[in-house]
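A.B. asks: Just dropping this structure here.
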Amino acid sequence: MSIRKSRDWFSPDYQEQDTDEGVGYGLHPLDEYLREDRIPHIWCPGCGLGVILNAYLRALKDSDIPPEETAVVSGIGCSGRAAGYVDVDSFHVTHGRAIPFATGLKVGNRDLKTTVFSGDGDLFAIGGNHFIHAARRNVDFNVICVNNFNYGMTGGQAGPTTPTDAKTSTTPWGGFEQPFNLPAVAAGAGAVYVARWTTYHVEELIDSLEEALEKDGFCFIEVMSPCPTGYGKKVGLKTGKKTMKHFKENSEKNPDADPSEVALHPEDPDSKIVVGKFVDRDAPTYQDERGKVFGQAREEMGVE
Amino acid sequence: MMEPGTYFMEGNTACAEGAIAAGCRFFAGYPITPASEILERITERFPEVHGSYLQMEDELASIATVLGASWAGKKSMTATSGPGFSLMMENYGLGLMTETPCVIVNVMRGGPSTGLPTMVAQGDVNQTRWGTHGDVGVVVYAPSSPQELFDYTIKAFNTAEKYRLPVVVLSDEMVSHMTEKVEVPPEDEIEIVNRKKPKDDPEGHLPFRPDDDLVPPMANAGDGYGVHVTGLTHDEKGHPSIDEKTQNMLVPRLIDKIRKNVDDILEYDEYKIDDAERVIVAYGSVSRAAIEAVDMAREKGYKVGMLRPKTIWPFPEERIYDLAREGVDDFLVAEINFGQIVYEVERCTGGAAQTYLAPRMGGNIHTPDEIVDRIEAIDRGEIPSFKE
């Protein structure tokens with residue numbers, strides 16, 4: 001994957017200006033994609049969600065997909081609040097059900113470029129069954145999974161991605177379950193596009209998001225993200241900066257990696273967080289296949 | 001839709017055909033006895049009408065997908081039975097909170113739990129009213145024949161679109177598996193209601209600002225309105241606002257849009273009620289036995305009539321209140337459960353008449369004889385009113 005040398009990050013409108021509240025910045029370059037009256041957001045200092053939302057909106061802007069043809073669906077949790085900040089048709093639904101809701105939205109109107117933006121607990125614990133089935137069906141939408149290794153909003157409980165040895169508010173004596181290796185789950189269930197990045201890999205993340213927006217079929221992007229409040233402080237990553245440094249120093253790009261072999265091994269100090277695009281293949285989507293079968297059925301019935 | 005005419009049709013088939021006639025073009029479901037024939041009929045027929053059918057991984061997904069498709073602008077439906085309906089409760093609440101039109105068919109079978117999968121019961125009546133958490137206003141139809149499954153599935157779609165909510169068609173195994181005459185009217189004789197669309201520009205549009213009927217117009221996803229939809233308490237912009245004031249703006253309206261439009265929504269049937277001293281209250285399959293019980297009891301000299309709620313919710317509360325004050329001595333509620341609607345009847349009488357229950361535990365409906373025996377026993381003073 002090529003990494004961009006430069007981006008037009010700053011629109012001419014983005015400049016220091018005097019406001020009633022003092023000197024500040026009038027416009028964010030992505031303001032046109034944000035519900036300004038919902039800002040400030042609820043996310044903690046050091047959280048990676050701002051970086052990931054920024055990357056998604058940048059990819060959306062670069063993709064030239066009109067906002068009115070875009071939809072974002074989120075479940076519950078800190079990541080679930082993303083839908084409330086983007087100024088497109090956006091849905092903040094029940095815990096775990098972002099994927100089936102998005103399935104209805106996309107199958108109901110195939111012109112909607114639909115993205116599910118949610119967290120690891122929402123997508124892989126309470127919503128895990130929907131994830132594998134949407135991947136199996138190859139419904140045409142993208143899933144961004146913000147993986148912060150814990151349930152942040154409810155106070156840092158262990159979840160399906162928490163490393164076994166991490167002490168959290170529900171594993172005070174240490175954990176005893178194996179976490180999911182998310183790219184392996186996605187690839188195994190049939191996703192046509194699987195990538196993993198961290199919030200340190202902003203440029204690569206934007207590229208992946210753009211590719212996913214352009215690609216037909218079920219695309220999955222895991223983004224590892226700092227959660228200093230809920231998780232980091234319990235595992236020696238007290239600040240967002242420290243987590244970013246951890247991501248920087250401990251990750252290794254390997255697009256050729258087999259997704260089944262990219263599980264994290266925090267117990268091994270020499271192990272790496274393997275990042276990259278692991279799967280990018282073409283397969284007929286749910287709607288293509290159904291269209292074909294229903295078309296044949298109409299022929300057999302002799303109807304238009 | 002089907003050619004107009006007279007058909008000999010199973011209830012579940014009539015339900016699916018009613019949905020198609022109403023304009024349903026999206027269905028997501030999960031197989032379950034005794035509702036599966038609805039899924040099967042839909043899949044058979046949807047290619048012809050260019051509908052979208054998804055067989056989901058469970059009922060949680062089925063209802064969530066139906067809500068998503070409704071926001072995409074499709075008239076959407078799912079069909080299930082008790083266990084699946086229990087799984088749908090959270091997203092039934094999401095649909096009510098986000099004012100998402102759709103139809104949920106629940107073909108009741110014996111419960112609790114897996115219960116009697118192939119046999120009739122009416123144990124989900126209160127669940128349709130109180131099953132999801134929080135305060136809600138709901139509309140639930142209880143058809144008693146294949147014809148009514150056809151007609152009221154259409155009506156359910158119309159009500160869902162008009163008042164913006166998930167509407168439940170509460171069938172039971174007996175009605176759904178009964179095969180009877182069904183009249184399919186010509187297309188132009190079927191009333192179809194579509195959701196109100198906003199007339200103002202997207203700029204400054206308030207997607208949850210209601211009109212005088214308390215129902216906000218609905219912009220679908222892709223219409224250019226950039227609507228935000230959340231299950232959180234939200235203001236007229238649709239933005240979450242976690243405070244008492246917004247809660248008091250929103251939730252009472254969701255309840256009132258049904259209550260204040262009750263004259264438009266409420267439906268019930270009456271049989272020989274004018275001079276009745278005793279009224280049998282029955283709905284769904286049991287109401288068919290109750291009609292015969294009325295005639296049999298009248299032959300024995302009892303002045304009996306029947307009230308059949310066709311909308312279980314809203315319930316005909318004023319009518320019961322009035323009857324209790326206009327000479328009806330007692331109400332006998334015949335239902336296939338251990339007492340659900342009987343509590344509603346008792347509440348509505350306000351103590352002005354006695355309320356009795358003819359319970360049944362599921363597996364079969366009451367025979368007319370059983371209901372008449374009950375009437376005679378009450379007359380002999382053998383059966384206490386259910387609250388004693």
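A.B. asks: When the label point is put 7 Å from the Cα of B:Ile192 along its Cα-to-beta-carbon vector, which residues of the stretch B:71-95 have a backbone N closer than 14 Å?
C.D. replies: B:74-76
A.B. asks: Can you bin chain A into rounded, prolate or oblate? Criterion: square roots of the alpha carbon gyration tensor eigenvalues sorted a ≥ b ≥ c, rounded for a/c under 1.5, prolate for a/b above b/c, oblate for the rest.
C.D. replies: It comes out oblate by the Cα gyration axes.
A.B. asks: Among the aspartates and glutamates, select those whose C-alpha is under 12 Å from the C-alpha of B:Lys310, and discard any that sit fewer than 8 residues away in the same chain.
C.D. replies: B:Glu148, B:Asp151, B:Glu267, B:Asp269, B:Glu270
A.B. asks: What is the stretch B:269-328 by shape, rounded, prolate or oblate, if you read a ≥ b ≥ c off the alpha carbon gyration tensor as root eigenvalues and call it rounded for a/c under 1.5, prolate for a/b larger than b/c, and oblate otherwise?
C.D. replies: Values: a/c = 3.13, a/b = 1.20, b/c = 2.61.
Judged from the Cα gyration tensor, the stretch B:269-328 comes out oblate (a/c at least 1.5, b/c at or above a/b).
A.B. asks: Could you compute Rg(Cα) / (2.2 N^0.38 Å) for the stretch B:139-267, with N its residue count?
C.D. replies: Details: Rg = 17.8 Å, N = 129, 2.2 N^0.38 = 13.9 Å.
For the stretch B:139-267, the normalised Cα radius of gyration comes out at 1.28.
A.B. asks: Further question: Name the shape class, rounded, prolate or oblate, that the alpha-carbon gyration tensor gives for the protein assembly as shown, where a ≥ b ≥ c are the square roots of its eigenvalues, rounded holds for a/c under 1.5, and otherwise prolate holds if a/b is larger than b/c and oblate otherwise.
C.D. replies: In terms of gyration-tensor shape, prolate.
A.B. asks: For a protection proxy built on the mean count of beta-carbon atoms within 10 angstrom, sort B:318-329, B:344-355 highest first, please.
C.D. replies: Details: B:318-329: 16.8, B:344-355: 19.2.
So the order, starting with the most tightly packed, is B:344-355, B:318-329.
A.B. asks: Once you average over the residues of B:217-223, how many Cβ atoms of partner chains fall within 10 Å of each Cβ?
C.D. replies: If you average over the peptide's residues, the count of other-chain Cβ atoms is 5.
A.B. asks: Quick check for you: which residues of the stretch B:104-140 have the amide N under 18 Å from the point 7 Å beyond the Cα of B:Arg347 toward its beta carbon?
C.D. replies: B:123-140
A.B. asks: Same structure, new question: I want to make sure I understand the PRE zone here: with the label point 7 angstrom from the Cα of A:Asp268 toward its beta carbon, which residues in the stretch A:147-178 have backbone N atoms less than 18 Å away?
C.D. replies: The answer is A:163-166, A:178, whose backbone nitrogens lie closer than 18 Å to the label point.
A.B. asks: Related question: Using the Cβ atoms and a cut-off under 12 Å, what net charge is assigned to the surroundings of B:Lys155, where Lys and Arg are +1 and Asp and Glu are -1?
C.D. replies: My count for the surroundings of B:Lys155 gives -4.
A.B. asks: Continuing with the same structure: Which of the lysines could a cross-linker bridge to B:Lys75, judged by Cα under 19 Å and excluding same-chain residues fewer than eight apart?
C.D. replies: Those lysines meeting the cut-off are A:Lys106, B:Lys155, B:Lys162, B:Lys196, B:Lys197.
A.B. asks: Shifting gears a bit: What does the highest-first list of A:124-132, B:253-261 look like by mean Cβ count within 10 Å?
C.D. replies: So the order, starting with the most tightly packed, is A:124-132, B:253-261.
A.B. asks: Note down the net charge around A:Asp268, summing +1 for each Lys or Arg and -1 for each Asp or Glu among other residues with Cβ under 14 Å from its Cβ.
C.D. replies: The answer is -4.
A.B. asks: Continuing with this model, one more query. May I ask you to order B:50-57, B:263-270 by the average number of other C-beta atoms within 10 Å around their residues, highest value first?
C.D. replies: B:50-57, B:263-270
A.B. asks: Find, among the GluC sites (Glu not before Pro) in the stretch B:123-191, those assigned to loop by DSSP (not H, G, I, E, B) with at most 13 other beta-carbon atoms within 10 angstrom.
C.D. replies: Sparse-neighbourhood loop GluC sites (Glu not before Pro): B:Glu191.
A.B. asks: Which lysines have a Cα lying under 16 Å from the Cα of B:Lys245, excluding residues fewer than 8 positions away in the same chain?
C.D. replies: B:Lys237
A.B. asks: Mind giving me the nanometre distance, one decimal, between the label points for B:Lys272 and A:Glu304, set 7 Å out from Cα along Cα→Cβ?
C.D. replies: 5.3
A.B. asks: Given contacts defined as C-alpha pairs under 8 Å and at least six residues apart, what's the relative contact order of chain A, whole-number percent?
C.D. replies: Working: 613 pairs, mean separation 50.2, N = 304.
Relative contact order, chain A: 16 percent.
A.B. asks: Exactly which GluC sites (Glu not before Pro) in the stretch A:169-268 are in a DSSP loop and have at most 14 other Cβ atoms within 10 Å?
C.D. replies: A:Glu177, A:Glu267
A.B. asks: Report, for the stretch B:5-189, the % of DSSP beta bridges that are antiparallel, rounded to 5.
C.D. replies: Antiparallel bridges: around 30 percent, rounded to the nearest 5.
A.B. asks: Just counting partner chain Cβ atoms within 10 Å, what average do the residues of peptide B:55-63 show around their Cβ?
C.D. replies: For this peptide, the per-residue mean of nearby foreign Cβ atoms is 6.
A.B. asks: Roughly speaking, what % of Cα-Cα pairs in chain B are separated by over 30 Å, rounded to a whole number?
C.D. replies: Value for chain B (Cα pairs over 30 Å): 40 percent.
A.B. asks: Hey, in the GNM for chain A with a 10 angstrom Cα cutoff, which one of A:Ala186, A:Ala283, A:Ala83 fluctuates hardest?
C.D. replies: Of A:Ala186, A:Ala283, A:Ala83, the most mobile in the Gaussian network model is A:Ala283.
A.B. asks: Just tell me how shielded B:46-53 is by partners: mean number of partner chain Cβ atoms within 10 Å of each residue's Cβ, no decimals.
C.D. replies: The mean count of partner-chain Cβ atoms within 10 Å per residue comes to 5.
A.B. asks: At 7 Å along the Cα-to-beta-carbon direction for both B:Asp264 and B:Lys181, put a label point, then send me their distance in nm to one decimal.
C.D. replies: Between B:Asp264 and B:Lys181, the label points sit 3.4 nm apart.
A.B. asks: For a distance above 20 Å, tell me the whole-number percent of Cα pairs in the stretch A:157-304 that qualify.
C.D. replies: 57
Read-outs throughout are calculated quantities, based only on the coordinates presented, and are distinct from any laboratory measurement. All values reported here derive from a predicted model rather than from experimental measurement. So basically every Cβ, Gly included, is an ideal-geometry build from the backbone, and we count neighbours across all protein chains shown.
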